[in-house]
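To start, the structure itself, in structure tokens.
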Amino acid sequence: PILLMVALSVKTEFGTIRFLNILLCVYVLIFPIWPHYSALKIGGLPAINPQRITYLLIMLTWFFGVLSSPRQRYLFSARAAIAKPELFLLGTLLLWQFLSCFQSSTTLYSLFIFFRESILNVLILFSVMSFVRGEDDVKKVIRLLAWGAAVVATLTIVEGVLKRNVVAALLPVTSDYELWATAERIRGGSYRAQATFDNPLLLVDFLSLAFP
């Protein structure tokens, strides 16, 4: 079904760009709201949740779109030229992270984490550079991000008052990871809320990014 949706979306150049912008809006909205610790696990396959499905759709559509769309290639090259200093700093950081993997006692695992946490995030940055059409699209994404942050902040306040994760209480626990991720977070005698995120630190990171 995912490949069929991608195939239908890339029939026309403008259809691809419109579809990618819709997917981006969906991704930005569900990324904070859907609990990150709630996912479907089938055998030895990676866990599946709405964020990962939407990300996969964006990546596949973008890949096929870039191959077939001169407009997307032009947008990417034009915006990359404008953002050369920022991309240079990003490349330097990625190179430093990559080389640091070889200083680890578990090099292969460090390389896996580097790919999962860094490269995949950079790919979606590159994809956005090639299909966001202008200021209106950017404003729409920012509004959705703000709404998502407002929902998460509300859940955080409720959790802080009740001293329990109200989202996790509604979900079935189907794995050891979910049991760990939804366990009470108490440090120094104080309860630390996590809302829909895997831990309180990730919650703080998101809210610090979203609200400004």
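Numbers for the structure displayed
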| quantity | calculated |
| --- | --- |
| Residue among Ile42, Ile22 that alone is farther than 23 Å from Ile119 by Cβ, of a type in the set (A, V, I, L, M), at pLDDT below 90 and not in a helix (DSSP H, G or I) | Ile42 |
| Given (1) open to solvent by 60 Å² or more (accessible area, probe 1.4 Å); (2) at pLDDT below 85, number of the condition Val161 does not satisfy | (2) |
| Residue list for the stretch 104-142, restricted to those being touching a residue at least 60 places away in the same chain (Cβ under 8 Å), of a type outside the set (Phe, Trp, Tyr) and open to solvent by less than 70 Å² (accessible area, probe 1.4 Å) | Leu120, Leu123, Ile124, Ser127, Val128, Ser130, Val132, Asp137, Val141 |
| Any pair with Cβ under 8 angstrom, 6 or more apart, that starts in the stretch 84-103 at a residue that is surrounded by 10 or more Cβ atoms within 10 Å (Cβ to Cβ) and ends at one that is among the hydroxyl-bearing types (Ser, Thr, Tyr) | Leu94/Ser118; Gln97/Ser118; Ser100/Ser110; Cys101/Thr107; Cys101/Ser110 |
| Conditions (1) in contact (Cβ under 8 Å) with a residue 24 or more places away in the chain; (2) open to solvent by less than 80 Å² (accessible area, probe 1.4 Å): number failed by Pro50 | (1) |
| Residues that are surrounded by 14 or more Cβ atoms within 10 Å (Cβ to Cβ) and either over 22 Å from Gly134 (Cβ atoms) or free of Cβ contacts under 8 Å to residues at least 12 places away in the same chain (or both), drawn from the stretch 64-82 | Phe64 |
| Entirely in the stretch 66-136, the helices (runs of 4 or more DSSP H) that have 3 or more residues that are at pLDDT 90 or above | 84-101, 107-114 |
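The values are calculated or read from the model by the stated rules, or taken from the named source; none is laboratory data. Treat the numbers as computed from the prediction; the structure is a model and nothing was measured. Every residue, glycine as well, gets a Cβ built from its backbone with ideal geometry; the counts of neighbours run over all protein chains shown. Please note that ligands, DNA and RNA were not included when accessible areas were found on the heavy atoms of the full protein model with its side chains. Shrake-Rupley method; radii C 1.70, N 1.55, O 1.52, S 1.80 Å.
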